[in-house]
Each structure stands twice: as C-alpha cells, then as structure tokens.
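J.: This structure is in structure tokens; I'll ask about it shortly.
Bear in mind these aren't lab numbers, they're just calculated from the coordinates by the rules spelled out. Predicted model, so just to flag it, every value in this text is computed and none were measured. We place every Cβ from the backbone using ideal geometry, glycine too, and count neighbours over all the protein chains shown.
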Amino acid sequence: MPIAPGTSFGPYEIIAMLGAGGMGEVYKARDTRLNRIVAIKFLKAGHAERFQREARAIASLNHPHICALYDVGPDYLVMEFVEGAPLKGPMPDAEALGLSIQIAGALDAAHRKGIAHRDLKPANILVTSSGAKLLDFGLAKAISRVEPGEETLSALTEAGMIVGTAAYMSPEQAEGKPVDERSDIFSFGTVLYEMLSGRRAFHRDTQIATLAAVLRDPPQPLPTTVQVIFRDVLDRCLQKDPSLRFESAANLSEALRQIDLKKPAGETPSIAILPFANLSADRDNEYFSDGLAEEIINALSQIPGLHVAARTSAFALRGKDLSIRRIGEELNVATVLEGSLRRAGNRMRLTVQLVNVADGFHLWSERYDREMTDVFAIQDEISQAIVDKLKVQLGRSGAPPVGKRHTDNLEAYHCYLQGRYHLHRYSPENLPKALDRFRRALELDPDYALAYAGIADYYYISTLVAGASPVESLPAARLAAKKAVELDDSLPDAHGILSAIEAMHYNWPEATASSRRALELDPANVMARYYYAAWLLRPQGRFEEAAIEMERLVEQDPLSPRFGFVLALTLYNLRRYDEAIRQARRVIDFDQSNMIAHWVLACSLLAMDRLEEALAAAESAVVYGPKASMAHGALACVQARMGRRDEAIAIMDRMRQSTDRTYWGHTMLACIYNLLGEPDEAIVEYMAAIEIRESNTIQLIWDPLLYPLRQHPRFPELLAAMNLPAR
C-alpha cells in the first residue's frame with residue numbers, strides 16, 4: 001500500500017510517490033536534518049540480494065552524471081533526487097554528442113570501479129538542467145573480463161539467465177552468456193542510436209523477435225540528417241562480437257571527444273560580407289554603410305545550405321590590407337562580397353562585387369543608384385543575386401527570405417542603425433550614444449520592436465563593459481526585451497538577449513524557454529547560440545555541450561574575441577588546460593589587448609602549477625584591464641598560490657576600494673580567499689556577489705580554482721541562491 005504524504009520515516013518526511021516497479025517503490029521525501037529533497041527506494045520482499053547489490057554499486061561511485069547515494073538501510077535506499085525527463089530522441093547532433101560524452105564518462109567511472117550497469121536504456125538516463133544522470137544500478141555487479149571460450153565463477157550472469165531490457169541488451173546478454181563492460185558499450189550504442197534517430201535500433205513486435213534482432217540483425221540506417229561522423233562510433237559500439245567493440249568506456253569517451261561536427265571545407269557554399277567602404281563626404285555615414293552590410297548578412301544567414309561568416313569576424317578585417325585569398329582563409333569562406341557606398345542627401349550609390357576567393361575573379365558586380373527609400377529593396381536584390389550566383393538550393397518558394405521591414409519610418413530605421421553602430425563598439429564612451437539613438441527611434445516609431453531589443457542589449461552590455469550595477473541595469477534590460485517580444489514575437493535576437501537576462505536573474509525555466517524560442521526562430525543565429533552556450537549550458541555545469549557549441553561558433557565567427565575566450569574558459573572548466581591555453585593565446589594573437597583572454601590564460605596556467613607563466617599572464621591582464629578587478633584578482637590568485645600572502649592581501653585591499661567592485665569584485669575576492677585557505681570568507685564574498693547579481697557568479701561557480709569550496713557545508717546555499725541544482 002502506498003505511503004501517504006506527510007508520513008515520517010526516520011528523519012525523512014514523505015512528499016509523494018514517484019513510481020513503482022518490480023523491485024520496489026520510489027518516493028520523493030525531505031531530509032529534515034539538512035532540509036534536502038531526496039528520493040527513497042523501498043524494497044519489495046524477495047529482492048534483498050539485488051537491492052543490496054545496487055546499494056554497494058551506487059555507494060562506490062562519485063560522479064556528476066551518476067545519481068548519488070546518501071543513505072542505506074536493510075530495505076531502503078536514500079538517493080539524490082533528480083529532476084529531469086527520461087532521455088528521448090531525436091535531438092540535434094550537438095546535443096546528442098554532449099549528452100553521450102557525459103553518459104560514456106559515467107560508464108567509464110563505473111567500470112573503473114569494476115561495476116557494469118547491465119540495464120542501460122533511455123528510461124534509466126534522466127536529462128536534467130545539468131545534463132545526463134545515470135540511474136538504476138540494480139542489475140550491476142562486479143566486472144570480470146570474459147574472453148571467448150573462457151569460463152569464470154565471477155562472471156556477471158549465470159548461464160542461461162537473461163538479465164536486462166530486451167531492446168537494449170547486448171547479444172551476449174540476450175543469450176544469457178557471461179558479460180563484461182563491453183556489454184554496456186553495446187547498450188550505449190543502442191541509446192545513442194535512439195538519441196540520433198528517435199527510434200529503437202532493434203525494435204520488433206514481440207520480445208522474442210526483439211531478442212532475435214539483437215542477435216542477428218543490423219539496425220536500420222540512420223536518418224540522412226545525422227552527420228556521417230557518428231556512424232563509425234555507432235558501428236563499433238553495435239558489433240555483435242564483443243572483441244570488435246571499443247575495448248573500454250574510456251576509449252569510447254575519447255572517440256566521442258574526437259567527433260568534429262564541422263562540415264568539410266568546400267562542401268557548403270560560403271560567403272563573407274565585408275563592411276562597405278563609406279565614400280560619402282560625411283564620415284558619420286559609416287553607420288549606414290555598416291548597417292546595410294549587416295542587414296544583408298542577416299538575410300543570407302537565414303538561408304539553409306549557405307554558410308555566412310558572422311558579422312564580428314567579417315567586420316574585424318576592416319582597414320586591414322589583406323588579399324581576397326587571405327580574407328577567405330581567415331574567415332573560412334569561398335566567396336567574398338565587398339562594396340562601397342556614397343550617400344548625398346536622399347540619394348545613394350552602392351557598388352558591390354562578389355569575388356571568388358580561389359582565383360580572385362568577379363562572379364558578379366552591380367551598381368545601384370537609388371533613393372534612400374529603396375534601401376530594403378536593394379538588400380533583397382543583392383541577396384537574390386548572391387543566391388543565384390552561388391547556386392544555393394532553396395526551398396519550394398525558389399527565393400531567399402525577404403528582409404522583414406520592422407518599421408515604415410525611414411528616419412527611425414536610420415536611428416536604429418546608428419544605435420547598433422555605437423553598441424558594437426562595446427566601449428563606455430559609445431554606449432550612451434547607442435541608448436540615445438534607440439530612444440530617438442522609439443520617439444519616431446513607438447512600436448519599433450528592434451529598438452526595444454537594442455535598449456535591452458545596451459543595459460545588458462553596460463553591466464559587462466561599463467561597470468553598471470546589474471541590480472539597476474538588469475530590470476531595465478528585461479523590461480525592454482519583453483516589450484520587444486510583445487511587439488514582435490518573431491525576433492530571435494530579442495528572445496536571445498531575454499534568455500541571457502533571465503539567466504542573470506537566475507530564472508532558469510524562463511531563460512530556457514526564451515533560448516529555445518530564439519533557436520526555433522533562427523537555428524543559425526550566432527548570438528542566440530552564444531547565449532544558449534554561455535548563459536544556460538555553462539552555469540548548469542554542462543561544459544561538454546557548451547564546448548561543442550562554442551567550437552562551432554568559433555568556426556563560424558573565427559575572429560570574434562568573445563566567442564574565442566568563452567571557448568577557452570569552457571575548456572578550462574573541463575580541465576583541458578592545454579587546449580584552453582592554446583585557445584586563449586589564439587585570441588591574444590589577434591586581439592592583444594583582450595584582458596579576459598589574458599585572465600583565462602593566467603587561470604589555466606595556474607591550474608597546471610606553471611606559476612611563473614601564470615604570473616606573467618596575470619600581469620598582462622592588469623596592463624590591459626587596469627581598472628578591472630577581474631585582472632587584479634587573477635594576479636592575487638597567483639600570488640596566493642606562490643605563497644606570497646602579503647602581496648595577495650594588498651591586492652585585495654586595493655580591489656575593495658575599486659569603483660568596479662560592484663561588478664567583478666566579490667567573485668574574484670572569493671577565489672583569492674579560497675586560495676589563501678579561508679573558505680568561510682570565500683563563501684561570504686560569493687554570497688555577496690549573488691545578492692548584487694554579479695554576472696560572473698554563474699560563470700565562476702564551477703571554476704576549478706573554487707573546487708575545494710564544493711566540500712564546504714554552505715556551498716549548497718550558493719547553488720540554492722542561484723536556483724542551480726546540486727551536482
């Protein structure tokens with residue numbers, strides 16, 4: 001009979017039944033001692049041996065993607081309460097790859113402890129806000145490697161006994177033969193197949209027919225939309241002969257990490273739109289030439305099958321004396337559109353050329369002498385011409401998407417372009433000019449959704465580069481973003497910035513919903529994908545998925561310092577320090593003054609105990625960020641690790657006096673205190689950072705330099721204050 005809610009069971013108070021199965025019943029409960037939500041599994045009679053086996057298996061494992069065991073009794077288990085949904089496909093290749101790396105890592109951890117799962121299937125894998133969680137080790141038992149023809153008393157199954165779930169069993173399981181960790185690898189292959197295809201690899205009408213398919217049949221071919229590079233891993237996992245599969249989950253994990261979802265060069269039509277040269281007598285017209293190029297980038301980016309270099313990278317080459325071939329190499333494109341714009345009064349002359357990178361020949365050129373009111377038509381004509389010349393295969397309409405006209409007021413449109421022009425300079429001097437132009441656009445057209453999105457961007461960026469107080473700026477940013485969405489729900493940029501703003505408010509459900517909407521509207525939108533990786537995946541500790549997404553963004557926008565240093569930071573979080581160092585140095589090679597890249601470099605070197613190099617990198621961060629306590633904090637961290645306590649404390653004292661302390665200060669002070677061996681003070685500083693919404697709180701919570709704090713009794717308070725799950 002089910003246990004009623006409110007019933008006390010020792011220190012546990014039952015909240016609700018979660019489910020029941022052949023082995024027992026599972027309840028959601030509260031540990032009244034720690035005020036922690038847990039899951040309690042109660043044993044049914046006749047399963048004592050299996051129940052104890054599960055307890056021993058889980059108790060020996062400590063991995064972020066394996067459900068943790070808190071307590072055990074003669075007929076119950078108390079486990080981590082995991083909020084999530086069972087794994088379900090199909091899903092995008094990048095998401096499948098990130099989750100599969102986590103699952104394989106969990107299997108590797110179990111196998112290293114000598115434990116095989118033996119019932120790996122989607123129902124036993126929950127997808128949570130922090131990634132995959134592997135459940136139910138009820139069939140687990142100690143591993144003993146069984147070679148062909150060899151008999152062993154410690155084999156996992158007794159001869160003739162079938163254990164597991166038919167559709168996900170290995171052939172040796174299906175035959176009741178002894179199994180080892182390679183059986184889990186076969187089951188992993190069936191799970192990955194389902195993640196990619198949305199269907200079971202060996203589904204038949206009856207269990208007997210399913211078992212026969214596992215023994216004899218290959219799975220149906222994967223959908224053509226699944227990238228070929230997955231197929232080699234799947235083929236090896238699903239070999240009927242265990243000796244032909246991956247030798248271990250560690251080898252499987254390494255193979256998954258080597259998967260590169262980038263398409264081979266030259267396979268996809270590609271183009272970069274360079275900023276148009278402003279030949280007008282008035283140099284202030286550069287905003288218009290830039291805006292026109294950016295609008296064409298936005299229109300072409302919506303065309304499936306066409307790779308368009310992102311704005312940041314294309315515009316980063318402005319003023320550089322580079323050949324077309326070199327530009328193509330830098331941006332990884334086969335064609336380049338360049339042009340010039342001359343404006344006089346209400347007339348403009350735009351000249352454009354589409355150039356083939358390989359030989360420098362012009363594929364197409366055109367000159368437009370038009371009234372300013374024709375600007376939208378010109379954008380559409382250029383997009384159509386590029387599609388025609390590159391022979392991009394379009395959908396049923398046979399035409400590229402027509403650029404949406406978000407306002408009929410041409411002066412408001414110009415004000416908006418001026419606002420974006422100033423905003424893209426990311427400097428304290430230009431940001432107020434951006435806000436002024438966006439507000440003027442709204443005076444001219446109160447329903448101009450893009451102008452509201454621009455205001456949201458302004459307040460968001462002000463907290464990052466201008467030292468604005470997040471407590472004051474973020475509510476204004478949220479209000480503007482929501483107004484933009486209210487006026488036009490089809491704007492991916494508005495939904496994207498709203499997702500980041502909600503994340504900075506620790507509102508994860510709202511942030512997730514906004515991010516999904518942005519990506520649904522425009523899957524190729526680089527900023528929507530950036531917000532998803534940096535402000536949703538990373539704060540929730542889903543670094544494998546974040547790294548995959550950031551690598552793809554860096555491929556599309558190779559000269560973006562922001563994408564580059566976030567990728568470096570993500571690799572650092574994954575403790576892939578050598579790769580983080582290389583990536584940070586790539587950013588520095590192109591943008592020597594990038595303080596955050598020097599900061600990531602210093603932290604990565606510090607984590608490897610390369611202290612003298614870390615000191616030099618931290619000093620460079622201070623040179624390029626003399627007022628940023630983030631830079632001074634890195635220097636103090638290095639000094640603390642080098643045993644120079646007085647120097648570290650002196651830096652802390654100066655940081656406390658900094659006017660920038662309301663932005664970066666508390667999180668970096670927490671890092672320094674932690675390295676000085678004062679974890680209580682570190683917790684206090686981090687909690688202060690959370691209270692004032694320092695944006696770095698959700699970026700640094702899983703920082704390797706703060707790793708020891710995870711063992712602090714108050715660390716769960718930090719996670720709870722940010723509405724993040726324990727992990």
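J.: From the convex hull of the Cα coordinates of segment 270-405, what is the mean projected area in square nanometres? Walk me through the intermediate numbers first.
T.: Working: hull surface 31.8 nm².
Seen from a random direction, the Cα hull of segment 270-405 projects 7.9 nm² on average.
J.: In this model, which of Lys133/Lys482; Lys44/Lys177; Lys88/Lys482; Lys483/Lys627; Lys482/Lys627; Lys88/Lys483 are farther than 29 Å apart at the alpha-carbon?
T.: Lys133/Lys482; Lys88/Lys482; Lys483/Lys627; Lys482/Lys627; Lys88/Lys483
J.: Same structure again: Could you work out the pair-distance distribution P(r) of segment 418-537 from its alpha-carbon pairs, with 10 angstrom bin width and percents rounded to whole numbers?
T.: Taking all Cα pairs of segment 418-537, the binned fractions are 16, 48, 33, 3 percent.
J.: For Lys28, list the aspartates and glutamates whose Cα falls under 13 Å from its own Cα; do not include residues on the same chain fewer than 8 positions away.
T.: Glu13, Glu80, Glu83
J.: Nearest 10 degrees is fine. How inclined is helix 431-444 to the longest principal axis of the chain, computing both from alpha carbons?
T.: 80 degrees
J.: Using only the alpha-carbon atoms, how far is helix 375-390 inclined from the longest principal axis of the chain? Give it as 0 to 90 degrees, nearest 10.
T.: 60 degrees
J.: So for each of 202-208, 27-33 I average, over its residues, the number of other beta carbons within 10 Å; can you give me the resulting order with the highest mean first?
T.: Taking the mean over residues of other Cβ atoms within 10 Å, the ranking is 27-33, 202-208.
J.: So if we plug the beta-carbon distance of Ala85 and Ala59 into 1/(1 + (r/R0)^6) with R0 = 35 Å, what FRET efficiency do we get, rounded to 0.05?
T.: So the FRET efficiency works out to roughly 0.85.
J.: Hey, another quick one. Which of rounded, prolate, oblate describes segment 646-727, given a ≥ b ≥ c as roots of the alpha-carbon gyration tensor eigenvalues and a/c under 1.5 marking rounded, otherwise prolate only if a/b is larger than b/c? Provide the component values of the computation, followed by the final result.
T.: On the way: a/c = 2.24, a/b = 1.36, b/c = 1.65.
Note, shape of segment 646-727 comes out oblate.
J.: How many nm is it between the label spots at Glu613 and Lys627, if each spot is 7 Å from the Cα in line with the beta carbon?
T.: It is 3.3 nm.
J.: Expressed as an acute angle from 0 to 90° and rounded to the nearest 10, what is the orientation of the C-alpha long axis of helix 286-301 relative to the principal long axis of the chain?
T.: 40 degrees
J.: Apply the a/c threshold of 1.5 to the C-alpha gyration tensor of segment 611-655 and tell me whether it is rounded, prolate or oblate.
T.: The shape class here is oblate.
J.: Using +1 at the C-beta of Lys and Arg and -1 at the C-beta of Asp and Glu, which of Ile303, Asn356, Val336 has the Cα lying farthest in the positive direction of the dipole of segment 270-405?
T.: The Cα lying farthest towards the positive end belongs to Ile303.
J.: What span do the alpha-carbon atoms of the chain cover on each of the three principal axes, reported in whole Å from largest to smallest?
T.: Computed over the chain, the largest-to-smallest principal extents equal 89, 63, 52 Å.
J.: Right, here's the next one. Please compute the modelled spin-label separation between Glu486 and Asp374, points set 7 Å along Cα→Cβ, answer in nm with one decimal.
T.: Output for this residue pair reads 4.0 nm.
J.: Return the calculated 222 nm mean residue ellipticity for the chain, to the nearest 500 deg cm²/dmol, obtained by summing -39500 (n - 2.57) across DSSP H runs with n ≥ 4 and dividing by the residue count.
T.: Value at 222 nm, helices only: -15000 deg cm²/dmol.
J.: Go ahead and run the numbers for FRET between Trp364 and Arg425, Cβ-Cβ distance against an R0 of 41 Å, rounding to 0.05.
T.: E between Trp364 and Arg425, to the nearest 0.05, is 0.80.
J.: If you don't mind, another one. Which far-off residues, 5 or more places away or on another chain, put their amide H under 5 Å from the one on Tyr448, with H placed in the peptide plane?
T.: none
J.: Using 0.36 nm times the number of residues separating Asp646 and Arg349, minus their current alpha carbon distance, what extension gain do you get?
T.: My answer for the length gained is 100.5 nm.
J.: Compute the orientation-averaged projected area for segment 231-327 from the convex hull of its Cα atoms and round it to one decimal in nm².
T.: Taking a quarter of the hull surface, the average projection is 9.8 nm².
J.: From the residues Ala104, Ala481, Ala503, which one has its Cα farthest along the dipole of the chain in the positive direction, the dipole being from +1 and -1 charges on Cβ of Lys/Arg and Asp/Glu about the Cα centre?
T.: Ala104
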